[in-house]
Each structure stands twice: as structure tokens, then as C-alpha cells.
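The values are calculated or read from the model by the stated rules, or taken from the named source; none is laboratory data. Given the structure is predicted, the values throughout are model-derived calculations rather than measurements. Cβ placement follows ideal geometry from the backbone for every residue including glycine, while neighbour counts extend to all protein chains displayed. When the accessible area is computed, the model is the full protein with side chains, heavy atoms only, and any ligands, DNA or RNA have been set aside. Shrake-Rupley method; radii C 1.70, N 1.55, O 1.52, S 1.80 Å.
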Amino acid sequence: MSTIQDTAPETFQQFPSNRIIVIHPGSFYVRIGRASDLLPVRQLHCIARKRRPGGKIYRDSFVPPSVPKTKDLIEELEECRLQISHTLQSCMQSNGARRYATPPQQIAAFNRRSLPEAVSDGEPWPQVECDIIIGDLVLDVDPELPYNIHFPYKRGDFNIHSEVGGSISSVLNDLYTIWKSIIEYKLGISLVELVKYRCVLLIPDIYTRSHLKYLMSLLLKDLGFGHCFLVQESVGATFGAGIGSACVVDIGDQKTAISCVEDGISHKTTRLRMDYGAGDVCQALSWMFHKSAFPYKNWNENIPRDVILMRNLYQDFCHVNLDVCGPQEKTFLVDHPGDIVNKYTLQVGDECIISPLALFYTDLLKITGTKTTKIQNRQSSDPEDPFDAEYLRETGRKKEVADPTANEPQSDAASEAQPSTNPEEDIVVDTLEGGPGDIVTLAPGQVLSLDAAILQSIDRCPSEELKRKMYSSILIIGGGVKVHGLNLWLQNRLALQIPYAYKTEQLEIVTSPKDIDPASTVWKGAAVMSCLESAIELWINQNEWNKYGLKILRERAPFIW
């Protein structure tokens, strides 16, 4: 049936890694590069399109938007902030001294007196001629100009909504334009050449089958790659870290995904996805900065460059180092086109520790609205692939109904005559409760904290041995993990909660394996995987996709479909 299996392994080994493109799409950044590259090209995963005269205005935010601050919400945020603050005050510094906190009022008094200092004349806004602008260049578009801004991914999945540009075809069109532009202008490969290239695309652990079908067509039919295959992000992470099995915790910009991976397979029941990430933590930081009279008065979450500034402050100032206490003076530049460059002096206190700890005290993340926790559910069938798990499940039931003697005890001879069920079929059909529907939400509004989610994911492992293995190897990756000391805090929280039966010799938490930037671990893993000899069985070419569609994806996919 397949031409790939007839190919001799020698020809595969000669396939050069510089002709394999690895794409890792995220809610904020997309990473694209050759498998031979040390690091991928990273660009903002967004597109600006010029509005037609009189066209509808639509601008995706560069950070999860904050919700209106009602009296109740402010009380809740304040209560959570105080709770974390009291926890920190009960901690000790490494020299044995108690920690102390500076009252926000004292910090606010300093910041109110802090005035901007002009550093230089700024540059004017760049001239924008194009109708379509991609990636980081979108930051050069004056917010006054008539452009709509779209991020095709949101909270780790397609950004589908009822406004302009929110249909599935619009999202796919945006993905095509962004990826094509990066491949052509950043990697220097023209579209007509792509038939000679192969592509590996990273997909979420909790995926929607119909989206995978659209993405395969986008790669093989629209972009025109010769071959491609899909890999789940958590599996890519284990290859990138060089770890066979691990509980993978991926803290992205808008989602935190957890999955237990064993020998290249993500266990379906262990997959969880929470609707929060570094972007939400950034908004919590912004709220606390403004409580303490943030000296840059004109900061606005709807101005892309202001959001990038706050994200940089989060990366540069936030930490979980209990030895740092009392007020700290920091400086930052505000360099926006069309304005002078100003330098600000800011005094910060414990908000630099409190905001990353919002991952453990999730009420603080309500600043961007209520959150949910998602799990993988049974998926609806596609007419292209009639013999999928749904078919097996339904025909299995019909057989039981049709043969009422099926449950009666049989003689040995009769039972030997009955063919035993294929255990692999049972795995495919195995499912979580609930009817067909792509992704289900656990109790809405109740979102799991990072430590509770890890414990729950591991608890969903099918065997005791696997649970023990997962507790001894927790891999934390993603852009949201680049906060000094976060892994130690997590380790201490987990050590207190691990069931006694699973307390292994060492609870190991790995954050930057092999000195790779944790945000690129997944990309690197897919690059490594694409060059392995065993990957020969995974590639799907254009002809096979055109002929068999989803059936071939179910057969070849390196995950249980």
C-alpha cells in the first residue's frame, strides 16, 4: 500500500537534515528552522492585514486581555496577593534570617516621585507600504494605521472566534502566509523548492482531529512539502532533553500542558491543559506594578510595544529567590517610535516573586478571566476514515447486542474456537468518559495550580510502576519557566505532597536540559527525531495523503490516534 516502506534504509540515511524543516507553532511565538540548525528562527506568531475602507476593526491583543476590575475581583486579587505575601514572610533566607516585606505604600511613594529622564530623540515610525506584515515587523506598525492584527493560535489551539478573521479558513490562511513568509525570507527557501524538503510539525498533546487534517493539507498541498509527519509537543520535549520517560510540564505563554510520556508515547489519560501561562502572570505583575504607582503612566495593554516592555520587565526582574527582600531599584527604557526615548527608575518589592508564584496560587490569574482545565476526550468520526476507534466501539457493541450468549460461560473447546480480541484494538478504543466531542473541560472555573496539576496527571498513570517513574523524572520546559528559582519552589511543594508510596530516592526536576533554552527544547527534540532511522516509517508523502487522507495519518502517526 505504501511506497515509503519499500524505500531502502540507506536512501533515508542519506536524506540531509538541512532539508528537513521543523515547525513549532505557539500562541505568541512560532519557531521554524532546519533540523540541522542549532536554534530555530523565532518570530511573533502574528499577522497584520490592511483593512479595507469601512472594514471591521479587529486587533488581537499581545497579552491575554485583563477583564474589567469589579469590586469583587479586586478583593479576590488582593486577598490572594496577601496570602502569597504572608507565605513568603514565613519563609527563611538561606542565612537563617526571616524574610521581610516592604509595604506597597512605601514603594508607591518612591515611584510617584520618580520622573522620566530623556535619553535621546526617538526614531519616527517606519514607513509601512505593504498590505500584509508578518511576525516581529508587526511591532513597527503605528497603532493609528488601519491594520487588523491576528494571532492564529490562542491558549495553545486554533484562535477561532465570531469576529472578522476568526473562521477556520481564515486561521489556516494566516498560518499559510506566516509560515511561507518565514520559510522564504528567513530560511531563504523558495516555495517551489519545498517539494524537495520534508517537514515535521509539532502539535498540542490535547488535539482536535479535524485540525490535524487541515494542518496536514496545509503542509502537503498548500505549502507543497514532499513529506511530513506530526509529533506531539510532550514527545518532542523528551527527545530534546534526551530523557526516555518523564512527566512533561510545558509552561507556554497562554497555556500550561502536562503529559506523562513513556518511551515516545504520551499516555492519553494523563494529558491536562490549563488556560494560563507566562502572559497571564505578566498581567498579574502589571496590576501589582500599577498598584505601586508604576512611573510610566501611559502604559496601555492595547499598545503592542507597551506589552513587549512589560514582558521584558517580567523576564528581567521576576525570580523566586527568597534571599532577595526589601525594595530594589531598577531602571528601564521606553523607546517607542515617534517619541523621545525615556529612562525610568522603578522601585520594586515582593511583586517580582509574587507574580510567578501565581502559577501555584491561581486566584491571582483571574485578572485575565476565569480559567479552565481541559482533558482529551473521545473524538467524533470523520467520513474519510470509517474504520476508526468509533467504528470499532460501535460494532463491538452491536455484536454484544446481536449475540446474547456472548456473556455466558463457554466450554474450553468453544472458547478456544473464539478468536481472542486484539489487545492493540483495546488500547485504541480505550477512552475517557463522555460522548464524542474533541476536548472536554473539567469543572469549569476550577483551575488546577501547577503542583496540583502535576500530581493529578501522574495519578492518572495506568500503573504504579509508571507513577513511580514519573515522580522521579519531571521535565519543565517552555518560555514561562525562565524564572530563577521556580523549579526549586515547585520541588519543595511537590515533595510535601507526593504520596508516601511513591517517595523515590530523588525527586528530580529538570529545567534546562543540555543547556538548551527551555523554550526551544520541543523544537530541538522534533529535529533530533526527524533524523533517526526509525523515523523512516513516519513520513507521509503528497501522493499518500491525496489518496488515503486521514487513514494514512491514523496508521503512521507516532501517537495513538
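Looking across the stretch 351-369 at every residue that is open to solvent by less than 20 Å² (accessible area, probe 1.4 Å) and part of a loop (DSSP other than H, G, I, E, B), the one that is farthest from Met274 (Cα to Cα) is identified as Ser355. Within the stretch 104-115, can one find any residue that is at pLDDT below 90 and under 30 Å from Lys371 (Cα atoms)? Taking every residue of the stretch 104-115 in turn, at least one turns out to be at pLDDT below 90 and under 30 Å from Lys371 (Cα atoms). Only one of the numbered conditions (1) hydrophobic (A, V, I, L, M, F, W, C); (2) open to solvent by 10 Å² or more (accessible area, probe 1.4 Å); (3) assigned to a helix (DSSP H, G or I) is not met by Leu212, and that is (2). Residue check: is Asp60 within 26 Å of the chain's Cα centre (by Cα) and acidic (Asp, Glu)? For Asp60, the condition - within 26 Å of the chain's Cα centre (by Cα) and acidic (Asp, Glu) - is met. Taking the conditions (1) surrounded by 13 or more Cβ atoms within 10 Å (Cβ to Cβ); (2) within 33 Å of the chain's Cα centre (by Cα) in turn, Ala108 satisfies each one other than (2). Please work out which residue is surrounded by the most Cβ atoms within 10 Å (Cβ to Cβ), limiting yourself to the stretch 215-230 and to residues that are under 15 Å from Leu202 (Cβ atoms) and among the aliphatic types (A, V, I, L, M). This residue is Leu219.
Within the stretch 501-515, the set of residues being open to solvent by less than 60 Å² (accessible area, probe 1.4 Å) and either at pLDDT 80 or above or within 23 Å of Ser463 (Cα to Cα) (or both) comprises Tyr502, Thr504, Leu507, Ile509, Val510, Thr511.
Suppose the filter is exposed (fewer than 14 other Cβ atoms within 10 Å of the Cβ) and in a helix (DSSP H, G or I); does Ala118 pass it? No; evaluated as a whole, the condition is false for this residue.
Yes or no, residue by residue, for (1) farther than 20 Å from Thr208 by Cα; (2) in a loop (DSSP other than H, G, I, E, B):
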| residue | (1), (2) |
| --- | --- |
| Lys524 | yes, no |
| Ile536 | yes, no |
| Lys547 | yes, no |
| Ile552 | no, no |
| Phe559 | no, yes |
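Checked against the criteria, Leu220 does not count as closer than 19 Å to Trp539 by Cα and assigned to a strand (DSSP E or B). Within the stretch 213-220, is even one residue closer than 30 Å to Gly369 by Cβ and either at pLDDT below 95 or among the aromatic types (Phe, Trp, Tyr) (or both)? Yes, the conditions are met somewhere in the stretch 213-220.
So for the stretch 47-70 (the condition being open to solvent by 70 Å² or more (accessible area, probe 1.4 Å), among the small types (Gly, Ala, Ser) and outside any helix (DSSP H, G or I)), does at least one residue qualify? There is at least one residue in the stretch 47-70 that is open to solvent by 70 Å² or more (accessible area, probe 1.4 Å), among the small types (Gly, Ala, Ser) and outside any helix (DSSP H, G or I).
If you go through the stretch 476-498 and keep only what is open to solvent by 40 Å² or more (accessible area, probe 1.4 Å) and under 20 Å from Ser259 (Cβ atoms), you end up with Asn487, Gln491, Arg493, Gln497.
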